[in-house]
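See below for the structure under consideration.
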Amino acid sequence: MTGSPPITLCFVCLGNICRSPTAEGIMRALVEREGLTGSIVVDSAGTGSWHRGEPPDARARAEAARRGVELQSRASTFRAGDTAAYDLVLAMDHSNHRDLLDLTPEPELRARILLLRSFDPALRPDDPHDGAVPDPWSGGDEGFAEVFDLIHAACEGLLDHLRTEMLPRR
Ligand code: 4NP
């Protein structure tokens, strides 16, 4: 793998304080577990900028810590033009996905924008969240536990995809 450029990922939600920092932390932990640090680079951002510079929401940090994952990011904003910097841009919900497409007019770059849960091998057509990671911000602590589980399952599937489809072509 030495000499190949890393695969670059950006997880995107609305505020970049709940879902996408959780995805960034989980994916980084999985990449470390697999000894792929340096081959896969992980980032996150929000389509909204209200929380820029803030650490992840305390409830997201607490849920992640309970599962052995530390969330260390600071909120940043995804801007027009940013898609070109990543191999894959992983949207948490359909609204994030639409916003990212609006920021990315180029057809060849739009193909990089996908729903994170499309990588969950257990995702079913009758999924209660319609294939999205639901926004937990205005709900209770149990929403954060569910969000962690949904993101974890999808990130394991994403890692499998990177290992079998993308890393061998580098
Ligand atoms: P996130 O959750 O998109 O998962 O970070 C939210 C955080 C903040 C807001 C909305 C969603 N907000 O409206 O400030």
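Under a model in which nothing but the beta-carbon of Lys, Arg (+1) and Asp, Glu (-1) is charged, the chain shows a dipole of about 480 debye around its Cα centre. In the chain, helical runs assigned H by DSSP with n ≥ 4 each contribute -39500 (n - 2.57); averaged across all residues and rounded to the nearest 500, the mean residue ellipticity at 222 nm is -10500 deg cm²/dmol. For residue 44, the residues whose modelled amide H falls within less than 5 Å of its own, excluding neighbours fewer than 5 places apart on the same chain, are 11. Converting phi to 3J(HN,Hα) with the Karplus coefficients 6.51, -1.76 and 1.60 and the offset θ = phi - 60°, the range 51-58 yields 9, 3, x, 7, x, x, 3, 4 Hz in sequence order, with x at every glycine or proline.
Each residue of the range 68-84 was assigned a 3J(HN,Hα) from its phi angle through the Karplus expression (A = 6.51, B = -1.76, C = 1.60, θ = phi - 60°), giving x, 10, 9, 9, 10, 6, 10, 5, 9, 10, 7, 10, 3, x, 5, 4, 4 Hz with x at Gly and Pro. Averaged over residues, the count of other Cβ atoms within 10 Å places the peptides 127-136, 92-101, 18-27 in the sequence 18-27, 92-101, 127-136, highest first. Note on residue 66 and residue 149: their simple-model spin labels are 1.1 nm apart, each label 7 Å out from Cα toward Cβ.
Size check on the chain: the Cα extents along the three principal axes, sorted descending, read 44, 37, 36 Å. In a DSSP loop and with at most 12 other Cβ atoms within 10 Å, the chymotrypsin sites (Phe, Trp or Tyr not before Pro) in the range 30-102 are 50.
Solvent exposure of the chain amounts to 49 Å² per residue of accessible area, where only protein heavy atoms count and the probe is 1.4 Å. Over all other residues within a Cβ to Cβ distance under 13 Å of residue 16, the charged ones net out to -3, with Lys and Arg as +1 and Asp and Glu as -1.
The values are calculated or read from the model by the stated rules, or taken from the named source; none is laboratory data. Everything quoted here is computed from the prediction, not taken from an experiment. Reconstructed Cβ throughout: ideal geometry from the backbone, glycine too, with neighbour counts over all protein chains shown. Surface areas here come from the heavy atoms of the whole protein model, side chains and all, with no ligands, DNA or RNA. Shrake-Rupley method; radii C 1.70, N 1.55, O 1.52, S 1.80 Å.
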